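Single-structure report; data block below.
Values in this text are rule-based calculations from the coordinates and carry no lab data. These figures come from a predicted structure and were not determined experimentally. Virtual Cβ from ideal backbone geometry, glycine too; neighbours counted across all protein chains shown.
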């Protein structure tokens, strides 16, 4: 039996897809506040430890209203660039609530974070050298590569032996040499093994490696296990969810045991004040959004039926970048279309590229011009990766609020926006 996410969750509340498209235009990113808050709370309460925090990863979604909700729910944040820091501060996050985890940044970018009092986790020994030259005697964190990676595509695996990220644990002596040279205090360690894992094992293994590294430094105040927690993109096939209770229980036991051992080793009565963090990434925001678009053309080229929509890869890049899968729903006259019979089709966008494919060889009910399609789980790496390629206009974003109202939280681009910076 096919599971329809929007029907199961009452996603659109009192608004039909047709009504939203008529009011705000097509394509359109639609967020559900109730789902977003539920996922935030999953992460805030993941670990039973007083010094735990979950970080919102701004690269997944940078909408100001989404960020304000995440902060209201108790999330902190991580940032990869000065621009992300700027947006986080504007959204109300305090410097002490932000971890800057840059990759190959300039001195100017490093200064931007450091002079705002934000903890920096450097990604290499050379970047640690740069930090030391700029800020001798200061606190710093280091991102390590535990040698174990995970992710749905090789391009999003961020640890292991074939990735640019982090410092190998074998380089610990070099790290200590640089720390001593510039009188730096290593107060934090971090890592990130990859994006979209649905099994706990690799994450817990990597967490244990990071704790072993942290135990070698007396001055640790912050341990960030990284992310990124997966969500079931194959909902219509009842794909199991990540078992966050199992993950949280495993991390809680590991942390409590490590804190006792660390306190005994270094005789630190303040060991219990160490902050532990995760970067759940897409888990927080992906499922809170459905991307709506309109069918404008249907044709057959040789043996393939193409469904032409206004959702090009300028609007949603994940399928082109990572061959990513998203469940698709079909709406007609405000109603969800359920299959009586199915037809195999390929859904494409309006970009002048052969690779502009949303979904290849999908079985859908017969599609008609004017139908609306819904792309599930579009809240993470959806709008944040969108562009004006082909001089297409980026879509609006709207939020279905807890009180039943709908708010425009980012307006649709205008033609004037295309020349605003010239």
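So the values come out like this:
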read-out: Added length on full extension, which subtracts the Cα-Cα distance from 0.36 nm per residue, residue 205 to residue 103; value: 34.3 nm
read-out: Over the stretch 47-279, relative contact order from alpha-carbon pairs under 8 Å, at least 6 apart, %; value: 19 percent
read-out: Computed over the stretch 279-366, the ratio Rg/Rh where both radii use C-alpha atoms and Rh is Kirkwood; value: 0.98
read-out: Stretch gain in nm, segment residue 368-residue 133, where the contour uses 0.36 nm per residue and the Cα spacing is subtracted; value: 78.3 nm
read-out: Simple spin-label estimate for residue 180 and residue 238 in nanometres, 7 Å along Cα-Cβ; value: 6.1 nm
read-out: Stretchable slack from residue 37 to residue 342, in nm (0.36 nm times residue separation minus alpha-carbon distance); value: 106.3 nm
read-out: Space enclosed by the convex hull of the alpha-carbon atoms of the stretch 60-126, per residue, Å³; value: 80 Å³
read-out: FRET efficiency estimate (nearest 0.05) - Cβ-Cβ, residue 354 to residue 273, R0 45 angstrom; value: 0.20
read-out: MRE, 222 nm, helices only [DSSP H, n ≥ 4, -39500 (n - 2.57), over the chain, to nearest 500]; value: -8000 deg cm²/dmol
read-out: For the stretch 226-344, the fraction of alpha-carbon pairs in successive 5 Å shells from zero, as %; value: 2, 7, 11, 16, 14, 11, 8, 7, 6, 5, 4, 3, 3, 2, 0
read-out: P(r), alpha carbons of the stretch 334-388 - 10 Å bins starting at zero, rounded %; value: 18, 47, 30, 5
read-out: Rounded, prolate or oblate (a/c below 1.5 giving rounded, otherwise prolate when a/b exceeds b/c) for the stretch 217-262 by Cα gyration tensor; value: oblate
read-out: Translational diffusion of the stretch 177-295, µm² s⁻¹ [Kirkwood Rh, Cα pairs; Stokes-Einstein; 25 °C; 0.890 mPa s]; value: 150 µm²/s
read-out: For the stretch 303-422, the fraction of alpha-carbon pairs in successive 5 Å shells from zero, as %; value: 2, 10, 18, 21, 20, 15, 9, 4, 1, 0, 0
read-out: Translational D in µm²/s for the stretch 165-211 (Stokes-Einstein at 20 °C, 1.002 mPa s, Kirkwood Rh from C-alpha pairs); value: 170 µm²/s
read-out: For the stretch 47-279, the spread of Cα positions along each principal axis, largest first, Å; value: 56, 40, 35
read-out: Contact order relative to length of the chain, as percent, for alpha carbon pairs under 8 angstrom and 6 or more apart; value: 20 percent
read-out: For the chain, built as a Gaussian network whose Cα springs stay under 10 Å, the top-fluctuating residue of 102, 280, 319; value: 319
read-out: The stretch 337-356 residues near the modelled residue 298 label - backbone nitrogen below 17 Å, point 7 Å along Cα→Cβ; value: 337-349
read-out: For Rg/Rh (Cα atoms, Kirkwood Rh), calculated from these coordinates, the label among [x] 1.00; [y] 0.96; [z] 0.98; value: [x]
read-out: Pairwise label distance in nanometres, residue 48 with residue 407, each label 7 Å out on the Cα-Cβ vector; value: 3.5 nm
